[in-house]
Structures are given as C-alpha cells and as structure tokens.
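Only one structure is covered here, and it is reproduced in the block below.
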Amino acid sequence: KPISKEKFLQHFWWCYGKAQKCFEEEGRSPPGYFKFLTLLAFRIFLAEKVDVLILEVGLGGRLDPTNVIGRPAVCGISSLGYDHTQFLGNTLTEIAREKAGIFKKGVPCYTVPQDPEAMASLAACADWMGEEFKLKLIQPLDSFRTLDNAQARVGLAGDHQRENAALAVALCRTWALRTSPSSDRVTVREAQLDEGVLPAEYAAALVETTWPGRGQELQAGPGLRFFLDGAHTVESLAACARWYGSAGAGTVLEAPPSAAGEPTAAPTTRVLVFNCTEDRDPEALLSCLARHLRELRIHFHHAIFVSVPPQDPQNTAWQQRLQSIWDGGQTHQADALSTQLSSPVFGEGRSRVAPSSENAVQMLRLFVTSAAANGPGVVEVLVTGSLQLVGGMLEALEYEM
C-alpha cells in the first residue's frame, strides 16, 4: 500500500533539510529528482522497519542511485530489451552490461531466458566477477505443480507474466533460505520447490497478485470495455498485442433476432488510445503494435492520441505527429459499423487528438452513445504506449465511476 501523505511529508522534510544542509556545506547542488526519491525511500524503509525490501533499479543498474546496496540477499534480471538507449547503449550487449552492474560477489543472481546477444553479455560480466559468483537461469513455472498436482496459475495476464512469476519464485525462495536458515518451517516449505512442488503460500501469492495498468481489463459501463497495458518498448508492445489478442479482443455480443428470427452478432468497434514519450521512436512502436495485431487479424477502426500530462488544446504537436504516423501507415478494417456510423467524435476521419485523459474518456463515452443509436454493439478500447497514459486514463475513469 502507498505510504500515507502524513508520513510521506514527515520523512520528505527531514530528508530535504538534511540534503540542503549537506550540499550547501559542500558547495554542490542538491540531488536530482530520482536520486532524492531514492534517499527518501531508504529513509522511510529504515524508519518504518520493513521486513523485506524489493528494490527495483530506476535506469540501468551499474550507475543507478539504487545500486548502493552492497550485500542484497539476492538479485534478479528480468527480460531485457531496447529501452533508455540514449543512456544505456544502442545494443543489447551494452544494455545488458549496464544491467549486470547489480551483480555482487557472494550474492546469488537469477535471470530469465534472454536474447542470445543479451545473455552472452550477462555471462561475460558474470565470468568477470570470478568463480565465487554464479548467474543462474530460472526454472520455468511449468516445471512446478501445486500441492493438489495442478499447474501453477498466475493472476496477471499474458504469457510473459509466467516468466516474471518464475523469477519471483526463485528470488523469494533464495531470500527465505538466506535470511531464515534456522527456521524449520521455512526450510521445509522452500525444500518443496526442489521437489517441483509450489508451496501453498507461493501458489496463493501468484494468483492473488494484481498490477493496475498491466494487462488490466475494465468494464466502464454498457457497451464500453477497456484493455489497459503500460507497454512502452517494442518488446513489451509485442507482448501487449499477444495479450490483447487472447483476452477477448473482438468479443461478439448477441443482438436481438433478425427479421428471419435468427439471433445476429452485434458488431465490435475497436479504438486504440495511445501516447509515448518524446524520447522514444513512435514509428517503431506503432508499426510493431500494428504488425503484431494484424498477424492476429485484429484491426482498429479508430485511434485517439492523448497528451500526457494534459496540454493546451492548441499545443498538441507531439500527439499530432503520432496521429500522422498512424494515419499514414495503417490499413483499417472497413466493416458495416465503421462505415455507416455517423459519429460526432470521429466524423469521416479515423483518428483524433485529445488534450487530456479526461477529454479522451469523454470522447469515448460520446462515441458509445452514437454507436448505440445504430443498434447494439460494443466498443473495445486498448490503452497502451505509456504508463503515464494508462495512469491518467485509470484516474479519469475512476473519477467518472
């Protein structure tokens, strides 16, 4: 759960005062935003006496402000891709080398299966650490069975989350054994994993884990369903497309019987809501998403490009560029609904720019109302490209609901 506002402010001002005094005495500027938040987080964790800290690096690893923990219980590296290339390098070899900066001698480290180039780079860094350091590959989640001999289930959607879950199992097992070696209960529980059995606590945790904005489905009223995923790299957008393709995209609703007395299928209109930050390559991201969905025979009828944070309606140049890329490079499905619907939202066009998440939600509500006037149907909305965008849309929907 997020820390309370009162405790946050208490620790914030303590940290701020100390940092100001320290850096003024040394004649240097105070730490930047993320560095300060890292200091603040450590202060809070120590003051609140947390039992265990799961610490995710901010950017890279080697030079990240979080990489000051000399002896963590265990480290892990999830699937690597092309992200923050302006800081980490333009190849997977360079990016993996930066990620390997969290390696610590005498500390176990696990990784999921990686691209061969990334794996070779991680292995080279592991060799450099010496014989006492071992980089271990996780066991696939499918290699474990629950106590009732069932396949392990994961509450988060998408095949890639099973890989993340397997990494979590390895990290938790190692942490438990390294921090509670004298506990018979812990030893017996974790020993089950060596026999291919997922302990009850592990199985329950994997099923009950939720992560808003990652593979999330949300019914936002009659005829309006949202699919939200904060994917913002080529690799994660490919995973997002696979998830969306298997999560009921193009759901068919049963409409009232036709004149012949046979039930008819109510049409589905799909709308993409997208934004990405200006340090990313929008052509690569949009073409990746469109290509993978096209392979699944999924097409968007309309798209909305949203300013995050909200902008003046006259200052949406970045979103207009995204719109231009999309309109210029996509082929759209022309079915009966999209060609016949006279919509006050899209008119004769296929895409719009919205100055805020709230404005985008208003557009979609109006669009659903327009579609309903033409008969029963459902509007499916995929929101992706940016965690900020997903957060803004969730906030706008919660505010409405």
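The values are calculated or read from the model by the stated rules, or taken from the named source; none is laboratory data. Keep in mind that this is a model prediction, so the values were computed, not measured. All Cβ positions, even for glycine, are placed from backbone atoms using ideal geometry, and neighbour counts span all protein chains on display. Each accessible area value is taken on the protein alone, full model and side chains, heavy atoms only, with ligands, DNA and RNA left out. Shrake-Rupley method; radii C 1.70, N 1.55, O 1.52, S 1.80 Å.
Being at positive phi, open to solvent by 90 Å² or more (accessible area, probe 1.4 Å) and not in a helix (DSSP H, G or I) is a condition met by no residue of segment 158-172.
Set side by side, the residues Gly81, Gly70 differ, and just one is open to solvent by less than 40 Å² (accessible area, probe 1.4 Å), within 30 Å of Leu122 (Cα to Cα) and either modelled with pLDDT under 95 or in a helix (DSSP H, G or I) (or both), which is Gly81.
Here the strands (runs of 3 or more DSSP E) wholly within segment 237-338 that include at least 3 residues being at pLDDT below 85 and surrounded by fewer than 14 Cβ atoms within 10 Å (Cβ to Cβ) are 253-257. Quick check, is Asn90 part of a loop (DSSP other than H, G, I, E, B) and either surrounded by 13 or more Cβ atoms within 10 Å (Cβ to Cβ) or of a type in the set (Val, Ile, Thr) (or both)? So Asn90 fails the test.
Residue-level check: of (1) aromatic (Phe, Trp, Tyr); (2) open to solvent by less than 20 Å² (accessible area, probe 1.4 Å); (3) in a helix (DSSP H, G or I), Phe133 misses just (3).
Only a single item in (1) modelled with pLDDT of 90 or more; (2) more than 27 Å from Leu92 (Cα to Cα) is not met by Arg214, and it is number (2). Starting from residues that are modelled with pLDDT under 85 and of a type in the set (Gly, Ala, Ser), keep the ones in segment 347-372 and report whichever is most open to solvent (accessible area, probe 1.4 Å). Residue satisfying both the conditions and the ranking: Ala372.
So how many residues does segment 32-67 have that are crowded, with 17+ Cβ neighbours inside 10 Å, β-branched (Val, Ile, Thr) and without any contact (Cβ under 8 Å) to a residue 24 or more places away in the chain? Matching residues across segment 32-67 total 0. Remark: pairs (first residue in segment 194-205, within 20 Å of Asn164 (Cβ to Cβ) and among the hydrophobic types (A, V, I, L, M, F, W, C); second residue open to solvent by 20 Å² or more (accessible area, probe 1.4 Å) and assigned to a loop (DSSP other than H, G, I, E, B); Cβ separation under 6 Å; 6+ apart in sequence or on different chains) = Leu198/Thr146; Ala203/Thr146. Per the conditions (1) under 30 Å from Leu387 (Cα atoms); (2) touching a residue at least 40 places away in the same chain (Cβ under 8 Å); (3) among the hydrophobic types (A, V, I, L, M, F, W, C); (4) in contact with a helix residue (DSSP H, G or I) (Cβ under 6 Å, 6 or more places away or on another chain), the sole criterion not satisfied by Ile138 is (2). Based on what the data block shows, is Ser386 open to solvent by 50 Å² or more (accessible area, probe 1.4 Å), under 29 Å from the mean Cα position of the chain (by Cα) and at pLDDT below 95? For Ser386, the condition - open to solvent by 50 Å² or more (accessible area, probe 1.4 Å), under 29 Å from the mean Cα position of the chain (by Cα) and at pLDDT below 95 - is not met.
To keep it simple, each residue is scored yes or no on (1) outside any helix (DSSP H, G or I); (2) modelled with pLDDT under 95; (3) within 27 Å of Cys172 (Cα to Cα).
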| position | (1), (2), (3) |
| --- | --- |
| Ile3 | yes, yes, yes |
| His11 | no, no, no |
| Gly17 | no, yes, no |
| Ser29 | yes, yes, no |
| Phe36 | no, yes, no |
| Asp51 | yes, yes, yes |
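Restricting the first member to segment 77-106 and to residues that are farther than 15 Å from Val57 by Cα and in contact (Cβ under 8 Å) with a residue 24 or more places away in the chain, and the second to residues that are among the aromatic types (Phe, Trp, Tyr) and open to solvent by 50 Å² or more (accessible area, probe 1.4 Å), the beta-carbon pairs closer than 8 Å and six or more apart or on different chains are Leu92/Tyr82.
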